[in-house]
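Here is the structure we will look at, set down as structure tokens.
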Amino acid sequence: MNRQGMLDLGGERLVAGVDEVGRGPLAGPVVAAAVILGPAVVLDGLADSKKLTARRREVLDLRIRETAVAWALGRAEVEEIDQLNIFHASLLAMRRAVLALDPLPGYALVDGNRCPDLPCAAEAVIKGDASVPVISAASIVAKVARDREMVELDGRYPGYGFARHKGYPSREHLDALRRLGACVVHRRSFGPVRAIVEQDGTGASTLAP
């Protein structure tokens, strides 16, 4: 391992860390990030984004974007999640993030136990977001981007509390679903949302899209 915690591949081969955020929520897209950190870049405090405070993530997100060789986001929309299932939609989002990098990496380290179809060699690293800094960086960038989007959706679809729970199945969110029905950013293939849709016949919220 080098000092970024990446595999020592030798030469000038660019290594990307890849991670996604948003597999568990009932609403919103799944967002992935791919990050290439230069060999001379050392960022203190990189860790699994879920273990960091929101403020710390924001600080690190800015530093990562400013110092990385390249970074990019990819996503899969709610419609794609419902069509493909969340697992395959997550792989699609990660693939899109890597393909959006400029330059493209020669190797990718992907959080989890399976790699998406990529144009470069890749390795899956279980719990890599906690053990491999370049994957941690991707986790942070993806988390900050998705959280910001959920705050924006909270303004467009008030009443659900998206800004607070980010779409996860909190008690507040489930209560709002029962009260308001599902809106267009809810994942209808997910059990709690599907139950609401089936219960009222349409599951359509009265809120404007």
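The values are calculated or read from the model by the stated rules, or taken from the named source; none is laboratory data. Note that the structure is predicted; figures quoted are calculated from it, not measured. Positions of Cβ are backbone-derived with ideal geometry, glycine not excepted, and every protein chain shown enters the neighbour counts.
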Could you please give the count of residues in region 182-194 that are touching a strand residue (DSSP E or B) at 6+ places or on another chain (Cβ under 7 Å) and part of a helix (DSSP H, G or I)?
1
Residue 89 passes all but one of (1) exposed (fewer than 15 other Cβ atoms within 10 Å of the Cβ); (2) free of Cβ contacts under 8 Å to residues at least 60 places away in the same chain; (3) of a type outside the set (D, E, K, R); which number fails?
(1)
What residue, among those in region 71-82 that are free of Cβ contacts under 8 Å to residues at least 40 places away in the same chain and over 12 Å from the mean Cα position of the chain (by Cα), is nearest to residue 33 (Cα to Cα)?
80
Could you tell me whether residue 54 is exposed (fewer than 13 other Cβ atoms within 10 Å of the Cβ), farther than 22 Å from residue 96 by Cβ and in the same structural domain as residue 118 (by TED's automatic domain parsing)?
yes
Residue among 121, 97 that alone is within 15 Å of the chain's Cα centre (by Cα) and assigned by TED's automatic domain parsing to the domain that holds residue 19
97
Can you tell me which of (1) at pLDDT 95 or above; (2) outside any helix (DSSP H, G or I); (3) over 19 Å from the mean Cα position of the chain (by Cα) is the one residue 169 doesn't meet?
(3)
Selected residue [surrounded by 21 or more Cβ atoms within 10 Å (Cβ to Cβ) and assigned to a helix (DSSP H, G or I)] from 141, 110, 197:
141
Out of (1) in contact (Cβ under 8 Å) with a residue 24 or more places away in the chain; (2) in a helix (DSSP H, G or I); (3) surrounded by fewer than 21 Cβ atoms within 10 Å (Cβ to Cβ), what's the single condition that is false for residue 103?
(2)
